[in-house]
Amino acid sequence: MTLSIDPKEFAKLTLLANPSTSESAEDKAKDSLELYLSAYKLAEKYERFSNSAQETSEAFKHIRDIDLNL
């Protein structure tokens with residue numbers, strides 16, 4: 001059995017759990033956008049692997065070394 005991760009919800013929670021420490025509003029927005037997109041893409045890739053994997057642990061092994069190509 002594999003876990004299902006909603007990429008949108010995962011990215012939102014990742015962003016809330018890791019607020020930017022930058023000084024300017026523009027830098028905070030850039031940091032936040034980069035983190036959101038990275039989390040979203042990683043969750044999407046996990047979903048693709050987990051759909052073909054038998055176990056969640058197997059899917060995690062596949063996504064450990066993923067290059068997000070942002």
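If you take the residues in segment 1-47 that are under 18 Å from Arg64 (Cβ atoms) and more than 14 Å from the chain's Cα centre (by Cα), which one is surrounded by the most Cβ atoms within 10 Å (Cβ to Cβ)?
By that ranking, first place goes to Thr2.
Only residues that are out of contact with any helix residue (DSSP H, G or I) (no Cβ under 8 Å at 6 or more places or on another chain) and either in a loop (DSSP other than H, G, I, E, B) or touching a residue at least 12 places away in the same chain (Cβ under 8 Å) (or both): list them for segment 22-37, please. Before the answer, list the steps.
Step one: list which residues in segment 22-37 are out of contact with any helix residue (DSSP H, G or I) (no Cβ under 8 Å at 6 or more places or on another chain), which gives 23-31, 33-34.
Across segment 22-37, the qualifying residues are Glu23, Ser24, Glu34.
Quick one: in segment 1-25, which of the residues that are modelled with pLDDT of 95 or more and charged (D, E, K, R) is nearest to Lys45 (Cα to Cα)?
Lys8
The values are calculated or read from the model by the stated rules, or taken from the named source; none is laboratory data. In this text the structure is predicted, and so the values were computed from the model without any measurement. Cβ atoms come from the backbone with ideal geometry, glycine included; neighbour counts cover every protein chain shown.
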